[in-house]
1. Of all residues in the range 362-373, how many are part of a helix (DSSP H, G or I), in contact with a helix residue (DSSP H, G or I) (Cβ under 6 Å, 6 or more places away or on another chain) and without any contact (Cβ under 8 Å) to a residue 60 or more places away in the chain?
2. Take the residues in the range 329-359 that are within 22 Å of Ile93 (Cβ to Cβ) and open to solvent by 40 Å² or more (accessible area, probe 1.4 Å); name whichever of them is nearest to the chain's Cα centre (by Cα).
3. Which of the helices (runs of 4 or more DSSP H) found entirely inside the range 387-453 contain at least 3 residues meeting this: at pLDDT 75 or above, touching a helix residue (DSSP H, G or I) at 6+ places or on another chain (Cβ under 9 Å) and within 29 Å of Glu354 (Cβ to Cβ)?
4. How many of the residues in the range 182-204 are open to solvent by 70 Å² or more (accessible area, probe 1.4 Å) and not in a strand (DSSP E or B)?
Amino acid sequence: MPDPRSSGVTVITIPPPTANGPLHVGHLSGPFLASDIAARAAKARGERVLAIAGVDVAQNYIPKMAKARGVDVEELIERNRSEILEAFHRGHIHYDAFVDPQQAEYRRVIAGMLADMVERGGAAMSEVTLYACGDCGCTLHHSYVSGSCPQCGDSACGGSCEGCGGYTASDTLLDPVCACCGGAARPFVASVPVLRLEDYRPQLEEVWQSAELPRQVRDLIARYSSTEMPTVPLAYPTDWGIEGTGRLAGMRLDAYVEVGLSWLYGVARALDEAADTLDACVRAWGEVDELWQFHGIDNTFFFIVFWPALFAAAGLERAPLRGLVVNEFYTLDGAKFSTSRDHAVWAHEFLASEDPRVVRLYLAWDRPDRAQTDFTRESFEAFRDFVGPLLADAGDVDATRLPQPLVPAERRRGELALQLVGFDAALAARSLLNLLAAGARERGPLLTALTGA
């Protein structure tokens, strides 16, 4: 690849998967393969690209799951981390920099960066009302709290709502309870560092106006454009996460703060090996021209509101975000993938038993970019049998005929490509040709719109 130390770097983030379980093919179909494909294509065009990856061990899903399963939390992390990296390797997901959150140096620098932000006023210490469990006493944040989203009414934990992508916390959820033991939420007052998002509205509006953003993201922006944005705690008196330093001693850094600072730090270290302070990291980011981030719809709030504000609070004078590439959910046989219920096709196992080239092609073909899509074994096997010989350059393959199990998904993708948002006539035309070659009797909008018949 071109040397990332040269000027004009494009940063592509591969989101760090949480080590509460292995990756499944639902994860692969979303940001993980898409970011790799985009980075490979940009490098092939001769662009200076820095693809950065990592693993998230800060989410309190991890100790919660370890306790529920009666296993040692460090052993759980190590096993899941190993299987995540195996999936990256088998799936040919490459990266130029890897941020290791378990290194002592990393934890020291990240804690110091937040402490410096507080000392300089980018983040403020504030007395806020938090909630604890009236029974087990744990601070109710992220996976430790559950309730209903105040915007859409879906069940949600702390962080963000899977239904609408908005911000959720123990003080915003409807009917919050402890997700660990079911105890009632008890309010208490604590002095913690916070990010007042309203203070960074001008910087956020600049990003919202200039970045390439899909409809799903702009729907969320519309909500926060007309209402006051939340003030978000950056550390908690809790039992999991990087330990705070300085005025933050006795607290643990919020998981989403750590992820944002890990990108600030990881990119900086790739560009300047000596960068180990907030100032040095901000200076190194001066070489970055564009930031492209890939993510699932459920994390929209953090990618388009929280992290751009965090970068501004850290001292980045120019908003680096150029665009977001967002995917909807990928289901398995009509139901949501679930690590906790073991309703999944595990990526490292699937890639070990199938041709990774076919898996990558299929998940790109069936990617839930404009709408939710569904993985079935029947569909994958039909695709594999159709595409496998093509990849092998078999001379007697009839490449003009689409297998019948793939017809409904191909028709749906073609019709979605004709919507105004994300309009793509070339994709729709290819879908129509595939359908006609498969013998489908097309009489609907795909045929009439493209041919004028």
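1. So the answer is 1.
2. Phe329
3. Numbers: elements: 407-416, 425-437, 445-451.
Qualifying helices (runs of 4 or more DSSP H): 407-416, 425-437.
4. So the count comes out to 3.
Residue-wise test of (1) touching a strand residue (DSSP E or B) at 6+ places or on another chain (Cβ under 6 Å); (2) among the basic types (Lys, Arg); (3) surrounded by fewer than 19 Cβ atoms within 10 Å (Cβ to Cβ); (4) part of a helix (DSSP H, G or I).
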site	(1), (2), (3), (4)
Leu261	no, no, no, yes
Leu264	no, no, no, yes
Ala268	no, no, no, yes
Glu273	no, no, yes, no
Arg283	no, yes, yes, yes
Trp292	yes, no, no, no
Thr300	no, no, no, yes
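The values are calculated or read from the model by the stated rules, or taken from the named source; none is laboratory data. All of these numbers come straight from a predicted model, not from anything done at the bench. Positions of Cβ are generated from backbone atoms using ideal geometry, with glycine treated the same way; all protein chains shown enter the neighbour counts. These accessible areas exclude ligands, DNA and RNA; they are computed on the full protein's heavy atoms, side chains included. Shrake-Rupley method; radii C 1.70, N 1.55, O 1.52, S 1.80 Å.
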